[in-house]
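K.L.:
Input: one structure, supplied below.
Derivation of every value follows stated rules applied to the coordinates shown; laboratory data play no part. Predicted, not measured: the structure shown is a model, and the values here were computed from it. Cβ: placed from backbone, ideal geometry, glycine included. Neighbour counts: every protein chain shown.
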Amino acid sequence: MSQDPELLRRLLRAKDRMDAASHEEWPVRRLARVSGVSEAHFARSFKEAFGIPPHRYLLTRRIERASALLRDTDLAITEIAFQTGWSSLGTFGRTFRDVTGESPGELRARVKAAPHELEHVPVCFVSAAHRPDLTIAVSEKRRQEAGSRIESEETEVP
Amino acid sequence: MSQGVGMVGLYVRDQDEALEFYVEKLGFRVHKDMRNGDYRWLTVQHPDQPSFELGLFKPGPPTLDAGSAQSLRELVAKGAMPPLVLTVDDCRAAYDRMRARGVEFTQEPTERYGAVDAGFRDPSGNGWKMIEAARR
């Protein structure tokens, strides 16, 4: 499906703005205004262009940034949650685990213990390499994982 | 004469617009600008780097079919082309200068581990990181 390059360039501007300030709130109205398209068209056009709905994209950027702060700083996890756009520590921890498969504390402990194999790549590109590849909605991911847990429990029943 | 990479090309949506951007806003110089019918071979050079040319090419016939050219125009506009790095002596000063000229920055100068970097895009969508050369 072909999209107008002029429109894509303006959608890219919305994506860039989320990248630059992923801790901020990005309601569709605000994103649509950046791209100069109607709210009704924005979400569909963005998903078609970038393969992911705008708010799931924002979520991946927040998780990526939180992961970088966990890895590279000694900031408290509460402070990281706050700095990356979450208003509740509980939601941050739960979403982080759902997306990455481990809790913020577990990720911090693991990466601090492991050697940095990407240290010769310019720093600004390194965090992109750690961006979660979130191809399904978090709610769907939760359902699938809950489903597989139930299945495996059932098969263990003699 | 040293050996090495002499030219790398970018795809741009409009060569006049790209020329204006790379020359007027970034301070490159026109190196080659040759036309043959609709085809235009256009390269620019950084003033401090006479052994390297940056090509500014419009995807299209005769080198590409219309469908491939359209796909490339879409990819460039989506920012899907590979990363580019511009090395500068003073990232914050370059940011101020380029921003005053209307360059679209995607990231303000940020210091990480003692090095400062910023991000900008050309009008077509090609994404650049501008990294301050490490002072040793």
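K.L.:
Which whole number gives the average, over all residues in B:68-75, of C-beta atoms from other chains lying within 10 Å of the residue C-beta? All intermediate terms of the calculation are to be shown ahead of the outcome.
P.N.:
Numbers: counts 0, 0, 3, 1, 1, 7, 8, 2.
Rounded to a whole number, the mean comes out at 3.
K.L.:
Between residue A:28 and residue B:3, take the C-beta separation as r, use R0 = 45 Å, and let me know the FRET efficiency to the nearest 0.05. Intermediate values should be presented prior to the final figure.
P.N.:
Values: r = 53 Å, r/R0 = 1.17.
FRET efficiency, residue A:28 to residue B:3: 0.30.
K.L.:
Which chymotrypsin sites (Phe, Trp or Tyr not before Pro) in region B:9-44 pass both tests, a DSSP loop state and at most 12 other beta-carbon atoms within 10 Å?
P.N.:
Answer in residue order: no site qualifies.
K.L.:
Within region A:1-46, which GluC sites (Glu not before Pro) sit in a loop by DSSP and count at most 12 neighbouring Cβ atoms inside 10 Å? Present the calculation step by step, with values, prior to reporting the outcome.
P.N.:
Numbers: sites: A:6, A:24, A:25, A:39; in loops: A:24, A:25.
The qualifying sites are A:24, A:25.
K.L.:
For region A:62-77 and region B:57-106, what is the separation of their Cα centres, given in Å?
P.N.:
Result: 30 Å between the Cα centres.
K.L.:
Against the empirical 2.2 N^0.38 Å scaling, what ratio does the C-alpha Rg of region A:1-101 come to?
P.N.:
Details: Rg = 14.9 Å, N = 101, 2.2 N^0.38 = 12.7 Å.
Against the empirical 2.2 N^0.38 Å value, I get 1.17 for region A:1-101.
K.L.:
Using the Cα centre of the protein assembly as shown as the reference point, and only Cβ charges (+1 on K/R, -1 on D/E), how large is the resulting charge dipole? Debye, rounded to the nearest 20.
P.N.:
Numbers: 43 positive and 44 negative charges, 95 e Å.
Here the protein assembly as shown has a charge dipole of around 460 debye.
K.L.:
Here is a follow-up. If R0 is 45 Å, what FRET efficiency do you get for residue A:141 and residue B:68 from their C-beta distance, rounded to 0.05?
P.N.:
0.80
K.L.:
Could I ask something else about it? Per-residue mean of other chain beta-carbon atoms within 10 angstrom of the beta-carbon, peptide A:13-21? Present the calculation step by step, with values, prior to reporting the outcome.
P.N.:
Working: counts 5, 0, 3, 10, 1, 0, 4, 5, 1.
Mean inter-chain Cβ contacts per residue within 10 Å come to 3.
K.L.:
Apply 1/(1 + (r/R0)^6) to the Cβ-Cβ distance of residue A:76 and residue A:55, taking R0 = 25 Å, and write down the FRET efficiency to the nearest 0.05. Before the final figure, lay out each step's value.
P.N.:
Values: r = 26 Å, r/R0 = 1.06.
Once the sixth-power term is evaluated, E becomes 0.40.
K.L.:
Sticking with this one: Please identify the chymotrypsin sites (Phe, Trp or Tyr not before Pro) of region B:97-136 that satisfy two criteria: DSSP loop assignment and at most 15 other Cβ atoms within 10 Å. Which are they?
P.N.:
Details: sites: B:105, B:113, B:120, B:128; in loops: B:113.
Passing both the DSSP loop test and the Cβ count: B:113.
K.L.:
OK, next. Based on DSSP, what percent of beta bridges with both residues in the protein assembly as shown are antiparallel, to the nearest 5? Mind showing how you got there, number by number?
P.N.:
Working: 20 of 30 bridges.
Percent antiparallel among DSSP bridges in the protein assembly as shown is about 65.
K.L.:
Further question: Which of the lysines could be linked to residue A:15 by a straight reach, that is with a Cα gap under 17 Å, when you skip same-chain ones fewer than 8 residues away?
P.N.:
In chain and number order, the partners are A:47, B:78, B:129.
K.L.:
While we're looking at this one, here's another question. In deg cm²/dmol, rounded to 500, what helix-only [θ] at 222 nm does the protein assembly as shown give when every DSSP H run of at least 4 residues adds -39500 (n - 2.57) and the total is split over its residues?
P.N.:
On the way: 12 runs with 138 residues, N = 294.
Helix-only estimate at 222 nm: -14500 deg cm²/dmol.
K.L.:
Mind listing the Cα extents of the protein assembly as shown along all three principal axes, in Å, largest one first?
P.N.:
Here the spans come out as 77, 50, 39 Å, largest first.
K.L.:
I would also like to ask the following. What does the convex hull of the alpha-carbon atoms of region B:1-134 project to on average, in nm²?
P.N.:
9.0 nm²
K.L.:
Can you tell me the mean projection area, over all orientations, of the convex hull of region B:1-54's alpha carbons? Units nm², please. Mind dumping the intermediate values first?
P.N.:
Working: hull surface 16.7 nm².
That works out to 4.2 nm².
K.L.:
Using the Cβ atoms and a cut-off under 11 Å, what net charge is assigned to the surroundings of residue A:97, where Lys and Arg are +1 and Asp and Glu are -1?
P.N.:
Working: positive: A:94, A:141, A:142; negative: A:98, A:102, A:106, A:145.
Charge balance in the 11 Å sphere: -1.
K.L.:
Could I ask something else about it? Expressed as a rounded percentage, what relative contact order does region B:12-136 have, with Cα pairs under 8 Å and six or more residues apart?
P.N.:
Numbers: 210 pairs, mean separation 27.9, N = 125.
Reported as a whole number, the value is 22 percent.
K.L.:
Contact order normalised by length for region A:1-51, with contacts defined as Cα pairs under 8 Å and 6 or more residues apart; what percent is it? If you can, show how the numbers build up before the last one.
P.N.:
Details: 29 pairs, mean separation 20.4, N = 51.
Contact order relative to length: 40 percent.
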